[in-house]
Protein chains: 2
Amino acid sequence: MKIIIVGAGGAVGKPAFDELSRRHEVIAVGRSSGDIQADIEDVESIRAMYAATGQVDAVVSAVGHGHFGPVEGMTGELFMKGINHKLLPQVNLVLEGIAYMRDGGSFTLTSGVLNRDPIRGGASAAAANGALDGFVLGAAVDMPRGIRINSVSPEVLEVSRERYDGFFRGHYHVSNEAVALAYSKAVEGCQTGQVYTVDFG
Amino acid sequence: MKIIIVGAGGAVGKPAFDELSRRHEVIAVGRSSGDIQADIEDVESIRAMYAATGQVDAVVSAVGHGHFGPVEGMTGELFMKGINHKLLPQVNLVLEGIAYMRDGGSFTLTSGVLNRDPIRGGASAAAANGALDGFVLGAAVDMPRGIRINSVSPEVLEVSRERYDGFFRGHYHVSNEAVALAYSKAVEGCQTGQVYTVDFG
């Protein structure tokens, strides 16, 4: 398979890259690294990326960030960061990518744990995650030509323990191997409209 | 209790209004009807509404609409209709309303069935619903002064059968009574961070 992985150099994208590149032709995409540079917050950049790759069998997105802070004092603009930096870019990757997706191919988006196991200050991220999980369920029944779409929703990764020190007390930190399995199932499996949670392992 | 119901004249808001106004002081809010006129897509209009009501014990939102259409050919702009017309206005009602909410009061938002039981063309709405359900879970752990927040996620209402004729084949159509119970539990109950689904009854 020919597979695009956006964010292949990131904490979540790297396990997906390491797993899938063992068996497939993987095109790593990053803002400033990888085989192709693209900023998926810019639709034109997404279009240029697809024009460069041509037809593919799978697209994996492992990017996005949001706003962390309490709801008391949060503005609508701060709330929308999760939508604008995590939800919409990944959705646009799908909307713009359908024309480049081969029959029976797949899209895999990345949400996260906060809309099932919340932490303080995580409401904006929880909304973005819920939207992503809802989108894949809704879009799955719409997809033409047998194209599948799923999301991977991982707990905090072991490799990100220091980065998020103290914010996720009591949360299990999952291994790269566990995360890689979810992306493998999404890309190399047969299901659609699924949210693959990675809470342990 | 003093309760604001935004969209009190709508299909979903009316059952909430009918139920809660029997026992409480309810302020009906609509864009062009009700006790107070407000357009919650405009933050300034939300602020004017709260300035007019003063402190309240509960806010119920039963408004919002989105885009319906297949993902193939959908643009990012069309996708965002669900975010801009259903998600963000309800979130802003919360963010702006915390200062007006009495200790132990509650916010109740309205999502919908499409992020658990999809129909064709419903991906944008499914994303908005998922975001709303995620937001209430995330925001619940952040709320100051014992303030609660929940969502009601109803199936298509019996009263809306003609309006959505053909789009929801096989879906149960729920009664006003069943919908009213969910809003009653959200406002008059004790739980927080819950999605009250109304799939039957």
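The values are calculated or read from the model by the stated rules, or taken from the named source; none is laboratory data. What you see is a predicted model, and the numbers here were worked out from it, not measured in a lab. Cβ placement follows ideal geometry from the backbone for every residue including glycine, while neighbour counts extend to all protein chains displayed. The protein model used for the area step is the full one, side chains on, heavy atoms only, and it has no ligands, DNA or RNA in it. Shrake-Rupley method; radii C 1.70, N 1.55, O 1.52, S 1.80 Å.
Can you name the residue in the stretch A:11-65 that is hydroxyl-bearing (Ser, Thr, Tyr) and part of a helix (DSSP H, G or I) and, of all such residues, is surrounded by the fewest Cβ atoms within 10 Å (Cβ to Cβ)?
Going residue by residue through the stretch A:11-65, those that are hydroxyl-bearing (Ser, Thr, Tyr) are A:21, A:32-33, A:45, A:50, A:53, A:61.
Adding the requirement that they be part of a helix (DSSP H, G or I) leaves A:45, A:50, A:53.
Working: A:45: 17, A:50: 20, A:53: 19.
Step by step, filter the stretch A:11-65, then rank; the result is A:45.
Please go through the stretch B:55-80 and give me each residue that is of a type outside the set (Gly, Ala, Ser) and more than 12 Å from every other protein chain (Cβ to nearest Cβ), ordered by number. I'd like the intermediate steps shown before the answer.
Initial filter on the stretch B:55-80 (of a type outside the set (Gly, Ala, Ser)): B:55-57, B:59-60, B:63, B:65, B:67-68, B:70-72, B:74-75, B:77-80.
Matches in the stretch B:55-80: B:55, B:56, B:57, B:59, B:60, B:63, B:65.
Of the residues in the stretch B:79-92, how many are of a type in the set (Lys, Arg) and open to solvent by less than 10 Å² (accessible area, probe 1.4 Å)? Don't jump to the end; show me each part of the working.
We begin by selecting, within the stretch B:79-92, every residue of a type in the set (Lys, Arg); these are B:81, B:86.
Checking the rest, the ones that are also open to solvent by less than 10 Å² (accessible area, probe 1.4 Å) come to none.
Of the residues in that region, 0 qualify.
Condition first: more than 7 Å from chain A (Cβ to nearest Cβ) and open to solvent by less than 10 Å² (accessible area, probe 1.4 Å). Now tell me which residues in the stretch B:129-147 satisfy that.
Matches in the stretch B:129-147: B:132, B:136, B:147.
Residue check, residue A:151 against (1) surrounded by 21 or more Cβ atoms within 10 Å (Cβ to Cβ); (2) under 13 Å from the mean Cα position of the chain (by Cα); (3) over 15 Å from residue B:126 (Cα atoms), all met but one. Which one?
Single failed check for residue A:151: (3).
Picking from A:124, A:111, A:160, which residue would you name as being in contact (Cβ under 8 Å) with a residue 60 or more places away in the chain and either more than 12 Å from the chain's Cα centre (by Cα) or farther than 23 Å from residue B:119 by Cβ (or both)? Even if it seems obvious, please write down each step before you answer.
Working: A:124 fails: in contact (Cβ under 8 Å) with a residue 60 or more places away in the chain; A:111 fails: either more than 12 Å from the chain's Cα centre (by Cα) or farther than 23 Å from residue B:119 by Cβ (or both).
When all the criteria are applied, what remains is A:160.
Could you grab the pairs with beta carbons closer than 6 Å, sequence gap of 6+ or different chains, first residue in the stretch B:1-25 and under 15 Å from residue B:57 (Cβ atoms) and at pLDDT below 95, second one open to solvent by less than 60 Å² (accessible area, probe 1.4 Å) and outside any helix (DSSP H, G or I)?
none
Considering only the stretch A:165-189, how many residues are open to solvent by less than 80 Å² (accessible area, probe 1.4 Å) and of a type outside the set (A, V, I, L, M)?
Residues of the stretch A:165-189 open to solvent by less than 80 Å² (accessible area, probe 1.4 Å): A:166, A:168, A:171, A:173-176, A:178-180, A:182-184, A:186-189.
Now narrow it down to the ones that are of a type outside the set (A, V, I, L, M): A:166, A:168, A:171, A:173, A:175-176, A:183-184, A:188-189.
Counting residues in the stretch A:165-189 that are open to solvent by less than 80 Å² (accessible area, probe 1.4 Å) and of a type outside the set (A, V, I, L, M) gives 10.
Please work out which one of (1) within 26 Å of residue B:150 (Cβ to Cβ); (2) more than 7 Å from chain B (Cβ to nearest Cβ); (3) hydroxyl-bearing (Ser, Thr, Tyr) is the condition residue A:100 fails and give its number.
(1)
Does residue A:105 satisfy the criteria of being more than 8 Å from chain B (Cβ to nearest Cβ) and within 20 Å of residue B:70 (Cβ to Cβ)?
Numbers: more than 8 Å from chain B (Cβ to nearest Cβ): yes; within 20 Å of residue B:70 (Cβ to Cβ): yes.
For residue A:105, the condition - more than 8 Å from chain B (Cβ to nearest Cβ) and within 20 Å of residue B:70 (Cβ to Cβ) - is met.
Quick one: which residue in B:77, B:96 is in a helix (DSSP H, G or I), charged (D, E, K, R) and out of contact with any Lys or Arg (no Cβ under 8 Å at 6 or more places or on another chain)?
After applying the criteria, what remains is B:77.
Check the stretch A:149-171 and report whether any residue there is among the β-branched types (Val, Ile, Thr), within 7 Å of chain B (Cβ to nearest Cβ) and under 29 Å from residue A:2 (Cβ atoms). Full working, then the answer.
Step one: of the stretch A:149-171, the residues among the β-branched types (Val, Ile, Thr) are A:149, A:152, A:156, A:159.
Filter once more, keeping what is within 7 Å of chain B (Cβ to nearest Cβ): none.
Within the stretch A:149-171, not a single residue is among the β-branched types (Val, Ile, Thr), within 7 Å of chain B (Cβ to nearest Cβ) and under 29 Å from residue A:2 (Cβ atoms).
Output the residues belonging to the stretch B:127-142 that are among the charged types (D, E, K, R) and in a loop (DSSP other than H, G, I, E, B). Let's see the steps before the verdict.
Going through the stretch B:127-142, the residues among the charged types (D, E, K, R) turn out to be B:133, B:142.
If the condition is that a residue be among the charged types (D, E, K, R) and in a loop (DSSP other than H, G, I, E, B), then B:142 is the only one that fits.
So which residues in the stretch A:93-108 are touching a Phe, Trp or Tyr at 6+ places or on another chain (Cβ under 9 Å) and either open to solvent by 10 Å² or more (accessible area, probe 1.4 Å) or free of Cβ contacts under 8 Å to residues at least 24 places away in the same chain (or both), if there are any at all?
Initially, the stretch A:93-108 is screened for residues touching a Phe, Trp or Tyr at 6+ places or on another chain (Cβ under 9 Å), giving A:93-101, A:108.
The answer is A:95, A:96, A:99, A:100.
Would you confirm whether any residue within the stretch B:110-126 is within 11 Å of chain A (Cβ to nearest Cβ), in contact with a Pro (Cβ under 9 Å, 6 or more places away or on another chain), outside any helix (DSSP H, G or I) and open to solvent by 20 Å² or more (accessible area, probe 1.4 Å)?
Yes, the stretch B:110-126 has at least one match.
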